[in-house]
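Taking it in order: structure first as C-alpha cells, then the write-up.
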Amino acid sequence: MKKMIALVVIAFAAIISFAQMPEKFVKAMEAKMAAVDSTSTADGWIELANSFERIAEAEKNQWLPYYYAALSNVMAGYMLGGANAMGGNADKTDPMADKAEKLLNKAEEMAKDNSEIYAVKKMIATLRMMGDPMNRYMTYGPEAAAALEKAKTLNPDNPRVYILEGQDKFYTPEQFGGSREEAKKLFEKARQLFDTFRPESSIHPNWGKGQVQYFLSQM
C-alpha cells in the first residue's frame, strides 16, 4: 500500500513538473528527441549538441537541454576517439569531455542526485580515459565506476545504467575483467527494464533501446 501511494505521489509530481514547462520549450525539445536515438556520426552529434545548447540558453532554468547537450558532446567524443579503440586521441576527446562536463554541471545545479546525470558523468570519465588509457586508467577508471554505481543507487531501474555496464564488459578484454557472457546478461536486463520504464515526460531521458538491440545482435 505504501509503495502504491509513493508511486502515485511520484506520478503526480511528474505531471505537475511537466505542466509547468513552457509549451514552446517542450515543442523545441520534442523536435530533437528522435535524433538522440538515431544519430550515428560525430558531426551529427555535434550538431545535436549545439541545438540543445541553444535551447538551454533560451531556457536557463531547465536542466534537460543542458543534460542532452552534455550527452551529445560525449557521444561525439566517442565517435571522434574511436568508441571501442581506446586509441589515445586526447587532442580530439578531451575538448569534448571538457564541454560535456561544463554543460552537465549546469544541469546538476538544477537536478541534484539524478541517476541520469550520474550516468553521463560515467560516460565523461570513460571519454577522458580513452584519451590516454595507459596513463589515465587509475584516475578515470575508478571515477567512472563510482559514477555508475551512484547512478544505479539513485535508480536501480534505470536501463541506461545496465547499458553502460554492459558496454564495459563487452569492450574490456577478458584478462582485465571483460566478459561477453556477462555483457549479454546486462543488455538483456536493460531490455527488460525498457519494457516497464516510463520517462517522466516526452522529453525526459528514454534513450538506449537501439544500443541494446545492436549489442544483443553482436552476441
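Looking only at residues in segment 171-182 that are over 18 Å from the mean Cα position of the chain (by Cα) and either acidic (Asp, Glu) or in a helix (DSSP H, G or I) (or both), the one that is surrounded by the most Cβ atoms within 10 Å (Cβ to Cβ) is GLU182. The numbered conditions (1) under 19 Å from GLU108 (Cα atoms); (2) modelled with pLDDT under 95 are all true for THR153 except (2).
The residues of segment 1-47 that are modelled with pLDDT under 95, surrounded by 14 or more Cβ atoms within 10 Å (Cβ to Cβ) and among the aliphatic types (A, V, I, L, M), listed by number, are ALA14, MET21. Filtered by the rule that a residue be in contact with an Asp or Glu (Cβ under 9 Å, 6 or more places away or on another chain), farther than 16 Å from VAL161 by Cβ and free of Cβ contacts under 8 Å to residues at least 40 places away in the same chain, segment 193-219 gives LEU216, MET219.
Quick one: is ALA190 over 17 Å from the mean Cα position of the chain (by Cα), buried (at least 19 other Cβ atoms within 10 Å of the Cβ) and either closer than 23 Å to MET75 by Cα or in contact (Cβ under 8 Å) with a residue 24 or more places away in the chain (or both)? Give the derivation first.
Details: over 17 Å from the mean Cα position of the chain (by Cα): no; buried (at least 19 other Cβ atoms within 10 Å of the Cβ): yes; either closer than 23 Å to MET75 by Cα or in contact (Cβ under 8 Å) with a residue 24 or more places away in the chain (or both): yes.
It is false that ALA190 is over 17 Å from the mean Cα position of the chain (by Cα), buried (at least 19 other Cβ atoms within 10 Å of the Cβ) and either closer than 23 Å to MET75 by Cα or in contact (Cβ under 8 Å) with a residue 24 or more places away in the chain (or both).
Being assigned to a helix (DSSP H, G or I), surrounded by fewer than 21 Cβ atoms within 10 Å (Cβ to Cβ), touching a residue at least 12 places away in the same chain (Cβ under 8 Å) and not aromatic (Phe, Trp, Tyr): is that true of GLN167 here? Full working, then the answer.
On the way: assigned to a helix (DSSP H, G or I): yes; surrounded by fewer than 21 Cβ atoms within 10 Å (Cβ to Cβ): yes; touching a residue at least 12 places away in the same chain (Cβ under 8 Å): yes; not aromatic (Phe, Trp, Tyr): yes.
Against the criterion (assigned to a helix (DSSP H, G or I), surrounded by fewer than 21 Cβ atoms within 10 Å (Cβ to Cβ), touching a residue at least 12 places away in the same chain (Cβ under 8 Å) and not aromatic (Phe, Trp, Tyr)), GLN167 qualifies.
Tell me the residue from ASN135, ASN155, ASN105 that is among the polar types (S, T, N, Q), surrounded by fewer than 21 Cβ atoms within 10 Å (Cβ to Cβ) and closer than 25 Å to LEU193 by Cα, please. Write out each step before concluding.
On the way: ASN135 fails: closer than 25 Å to LEU193 by Cα; ASN105 fails: closer than 25 Å to LEU193 by Cα.
Checking each option against the conditions leaves just ASN155.
Set side by side, the residues LYS184, LYS169 differ, and just one is modelled with pLDDT of 95 or more, charged (D, E, K, R) and in contact with a Ser or Thr (Cβ under 7 Å, 6 or more places away or on another chain), which is LYS169.
The lone criterion from (1) at pLDDT 95 or above; (2) surrounded by fewer than 17 Cβ atoms within 10 Å (Cβ to Cβ); (3) small (Gly, Ala, Ser) left unmet by ALA85 is number (1).
In segment 126-145 there is no residue that is within 21 Å of GLN213 (Cα to Cα) and in a helix (DSSP H, G or I).
For residues that are in a loop (DSSP other than H, G, I, E, B) and closer than 12 Å to ASN114 by Cβ, tally how many sit in segment 146-160. Steps first, answer last, please.
Here is the first cut: in segment 146-160, the ones in a loop (DSSP other than H, G, I, E, B) are 155-158.
Cutting the leftovers down to closer than 12 Å to ASN114 by Cβ gives us 155, 158.
The total comes to 2.
Tell me which residues, restricted to segment 108-118, are assigned to a helix (DSSP H, G or I) and charged (D, E, K, R).
Pass one, segment 108-118, residues assigned to a helix (DSSP H, G or I): 108-110, 115-118.
Hits for segment 108-118 are GLU108, GLU109, GLU116.
The values are calculated or read from the model by the stated rules, or taken from the named source; none is laboratory data. Just so it is clear, the structure is predicted and the values come from calculations on it, not from any experiment. Every residue, glycine among them, receives a Cβ derived from its backbone with ideal geometry; neighbour counts consider all protein chains shown.
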